[in-house]
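Visitor: Below is one structure. I have some questions about it.
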Amino acid sequence: MADITYRTYAKSDEDAVIAHILAIQQGEFAVPVSAEEQPDLRAVAQVYQSGSGGFWVAEREGRIVGTIGLIGFGSSEGALRKMFVAAEARGAEHGVGARLLAVLLEHARAQGITGITLGTIERLHAAIRFYEKNGFQRVAPEDLPAGFPRMAVDTHFFRLDLS
């Protein structure tokens, strides 16, 4: 997909990012979650952009078409969160998800993070395939790293070893 800019989230992106994420969660996948149930979306600087974390957007023609966030936890761990790519920007032919993940992993390595863990839900089959294709391994809930900020809705967990 041509003319996509990948950049660090700015506070001015807040409303567009929330609309983008909710459209996918609620509209596309019927996940019953509201913006109010995701207070991190109104506190990106504090939740994601402090310490070793970060938050990035993919933008095309002034519209957010992708997001990805990293929360640093423990001494050298990261939690991947809020990876959402608009339907028209998905797939290998566009590369938006792969590029967002590459930006996150480059940042994580530069911060000394040695493992990235994420949680997702069963019905997101394409997302699960994407994570597995990119080297993430399934992790049982009881084997999650200490301090992992687990979301109540998540049922499937994956980890990528960066060490």
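Visitor: Rg over Rh of the chain, using C-alpha atoms and the Kirkwood radius, what does it come to?
Guide: 0.92
Visitor: So if I place +1 on the C-beta of Lys and Arg and -1 on the C-beta of Asp and Glu, and nothing else carries charge, what would the dipole magnitude of the chain be about its Cα centre? I want it in debye, nearest 20.
Guide: Using only the charged Cβ atoms, the result is roughly 240 debye.
Visitor: Now a separate question. What residue among Phe130, Phe29, Phe55 has the largest mean-square fluctuation in a Gaussian network model of the chain, using Cα springs under 10 Å?
Guide: Fluctuation is largest for Phe29.
Visitor: Picking from Leu118, Leu104, Leu144, which is most flexible by a Gaussian network model of the chain using Cα springs under 10 Å?
Guide: Looking only at Leu118, Leu104, Leu144, the biggest GNM fluctuation is shown by Leu144.
Visitor: Quick check for you: which residues of the stretch 60-88 have the amide N under 12 Å from the point 7 Å beyond the Cα of Ala19 toward its beta carbon?
Guide: 62-65
Bear in mind that the values in this text are calculations on the coordinates, not laboratory data. Predicted, not measured: the structure shown is a model, and the values here were computed from it. All Cβ positions, even for glycine, are placed from backbone atoms using ideal geometry, and neighbour counts span all protein chains on display.
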